[in-house]
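Remarks on the structure that follows.
The values are calculated or read from the model by the stated rules, or taken from the named source; none is laboratory data. Values in this document were obtained by computation on a predicted structure and should not be read as measured data. Positions of Cβ are backbone-derived with ideal geometry, glycine not excepted, and every protein chain shown enters the neighbour counts. Surface accessibility is based on the protein's heavy atoms, side chains included, excluding ligands, DNA and RNA. Shrake-Rupley method; radii C 1.70, N 1.55, O 1.52, S 1.80 Å.
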Amino acid sequence: MSAEQKESILFSAELKPILFKDNKMNSLNLPSYPTKTQKKGDKVTIFDPLRRKYVTLTPEEWVRQHFINYLTVHLGYPLSMLANEVELQIGQKKLRCDSVLYDHQAKPRMIVEYKAPGITITQKVFDQISAYNLLLHVDYLIVSNGIDHYCCKMDYNSKKYLFLEEIPRYENL
C-alpha cells in the first residue's frame, strides 16, 4: 500500500479512528476549528464543550464536535441551549439523541443525529431520528455524517416535513 493510500484511509473495520499523517483526522464538509485532543494510553480523546469533558475520539464524535462548533460559532446557536447524548425512554427501551437544542423554556426544538463520515445516510437513519421525535416533538431534524447534511422543518398540521436547503441560523428558527 502506498503512502498516499495509507493517508486516504480514515477508519479501520472496527470503526476506530486511524490518524492521518501529523495526527489529523479526515476533513469534513464543515469549517475546521482548533480541536482540543489528548492521548490517554492507547486512546485519543477530544474535548466536548457541552459535556465539559474529554470523550473518546471516534469517527462519529469527530463529526459531532465539528457540527456543534459549526452551529455555535457560525450559526449563532447558544452553547448553553445544546446538550449531547440526551437519554430518552420508550417503555423499557432506552435511546440516546446525539444532540438536542432547547429553547429558553427548556422545550426541545431540534434533534441532530450524527454518523461517521464513512456511513451513508439512508432511510434507516431518518427512521432513527423520527423515533426520537415521537417523544420530543421538535420543530427541526438534522442528520449529518460530516460530509452530507440534511435539515427538515416539521409541519405537524399538514403531517409532513420540508427539507431545507441550508441549516437555519439560530435567530431564524
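Annotations
- Selection within the range 67-84 - open to solvent by 50 Å² or more (accessible area, probe 1.4 Å) and closer than 16 Å to LYS115 by Cβ: TYR70
- Search result, residues across the range 141-154 that are open to solvent by less than 60 Å² (accessible area, probe 1.4 Å) and farther than 17 Å from HIS66 by Cα: LEU141, CYS152, MET154
- Taking residues in the range 28-46 that are without any contact (Cβ under 8 Å) to a residue 40 or more places away in the chain, and partners anywhere that are open to solvent by 40 Å² or more (accessible area, probe 1.4 Å) and β-branched (Val, Ile, Thr), the pairs with Cβ atoms closer than 7 Å and at least 6 places apart or on different chains are LYS43/THR56; VAL44/THR37; THR45/THR37; THR45/THR56; ILE46/THR35; ILE46/THR37.
- Per the conditions (1) modelled with pLDDT under 95; (2) aliphatic (A, V, I, L, M); (3) out of contact with any strand residue (DSSP E or B) (no Cβ under 7 Å at 6 or more places or on another chain), the sole criterion not satisfied by VAL73 is (1).
Every residue, every condition in (1) among the acidic types (Asp, Glu); (2) over 27 Å from THR37 (Cβ atoms); (3) touching a strand residue (DSSP E or B) at 6+ places or on another chain (Cβ under 7 Å); (4) touching a residue at least 12 places away in the same chain (Cβ under 8 Å), yes or no:
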position: THR58; (1), (2), (3), (4): no, no, yes, yes
position: GLN65; (1), (2), (3), (4): no, no, yes, yes
position: ILE68; (1), (2), (3), (4): no, no, yes, yes
position: LEU79; (1), (2), (3), (4): no, no, no, yes
position: GLU87; (1), (2), (3), (4): yes, no, yes, no
position: LEU101; (1), (2), (3), (4): no, no, yes, yes
position: PRO108; (1), (2), (3), (4): no, yes, yes, yes
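- Put simply, of VAL100, VAL138 the only residue that is closer than 20 Å to LYS160 by Cβ and open to solvent by less than 10 Å² (accessible area, probe 1.4 Å) is VAL138.
- Residue match in the range 56-66 (condition: open to solvent by less than 30 Å² (accessible area, probe 1.4 Å) and either closer than 19 Å to ASP139 by Cβ or part of a strand (DSSP E or B) (or both)): no
- Sole exception among (1) assigned to a strand (DSSP E or B); (2) at pLDDT 95 or above for ARG96, by number: (2)
- Subset of the range 21-50 [at pLDDT 90 or above, part of a loop (DSSP other than H, G, I, E, B) and touching a helix residue (DSSP H, G or I) at 6+ places or on another chain (Cβ under 8 Å)]: LEU28, LEU30, PRO31, SER32, TYR33, THR35, PRO49, LEU50
- Considering the range 103-131, and only residues there that are part of a loop (DSSP other than H, G, I, E, B) and open to solvent by less than 40 Å² (accessible area, probe 1.4 Å), the residue that is farthest from ILE90 (Cα to Cα) turns out to be PRO117.
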